[in-house]
1. In percent, how large is the relative contact order of the stretch 1-79, given Cα pairs closer than 8 Å and 6 or more residues apart?
2. Taking only DSSP H segments of four or more residues, each worth -39500 (n - 2.57), what value at 222 nm results for the chain once the sum is divided by all its residues, to the nearest 500 deg cm²/dmol?
3. Taking only Cα atoms and a 10 Å spring cutoff, compute GNM fluctuations for the chain and point out the largest among 14, 239, 102.
4. Relative to the first principal axis of the alpha-carbon coordinates of the chain, what is the inclination of helix 198-218, with its axis defined by its Cα atoms, in degrees from 0 to 90 and to the nearest 10?
5. Would you work out the relative contact order for the stretch 225-270, in percent, from Cα pairs under 8 angstrom that are 6 or more residues apart?
6. Can you tell me the 0 to 90 degree angle between the C-alpha axis of helix 173-191 and the longest principal axis of the chain, rounded to 10?
7. Which whole-number percent is the relative contact order of the chain (Cα, under 8 Å, 6+ apart)?
8. How tilted is helix 223-247 with respect to the longest principal axis of the chain? Cα atoms for both, answer in degrees (0 to 90, nearest 10).
């Protein structure tokens, strides 16, 4: 059987063997040999963002490739766990399979079919019980298990969502919008003091960003995804501005702000 025609389990076994060989202390790759759980984390985060970028670009070939890169991260961690005698890839697969079955009793235990809201409540109840079983005698706060390495935008949205589950949240949009305006006013008030305090300004800007994330959540927008798209849109337009300026026989260094703003408006009107 050719490698391209192997079964899924065969391909997984092949990948695990490749990973094992990369880590081999004698014939392995020097870079892979020296890695640890901590050293791989930045690469894992980077691969997750590259996958998100591929998905947003709509290029399915890139999505496939980036999924493979992300899977390799999982396999790498599993190999490290195996070497330390803590767990292996099969243990990882077993754990997630058990968790999915446990968290979907309406599917696998033939329980009552619930509404989307009911399913969300059931999901959170099961997760809460898992946390209670795992963290007996430890931090039992609703916010205890928010990952410290999560990006600030995602963390803010996660914190707000957790608080909303117990009713600590506005139920309508107007007060959410009012809070954004309030935070903008507080930023400007701090900036316009006779002797602006940079730490105070930073704090107020942080409050503003948190309020904007809350606005995104209340409008069913993922703040992280929205900002990624905004970055992409700005980059695309700025590159076009550079081209317009170049066509005028200028450079971005020699053009003044008025010329660049005119080019920007031209690009916006054409898009």
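Values quoted throughout were computed directly from the atomic coordinates according to the rules given, and no laboratory measurement underlies them. Because the structure is a prediction, the values reported are computed rather than measured.
1. Working: 39 pairs, mean separation 22.2, N = 79.
That works out to 28 percent.
2. For the chain, the value works out to -24000 deg cm²/dmol.
3. Comparing 14, 239, 102 in the GNM, the peak value goes to 239.
4. Approximately 70 degrees, to the nearest 10.
5. Details: 20 pairs, mean separation 17.6, N = 46.
Normalised by residue count, the contact order of the stretch 225-270 is 38 percent.
6. Taking the Cα atoms of the chain, the angle to 173-191 is about 60 degrees.
7. Relative contact order comes out at 8 percent.
8. 50 degrees
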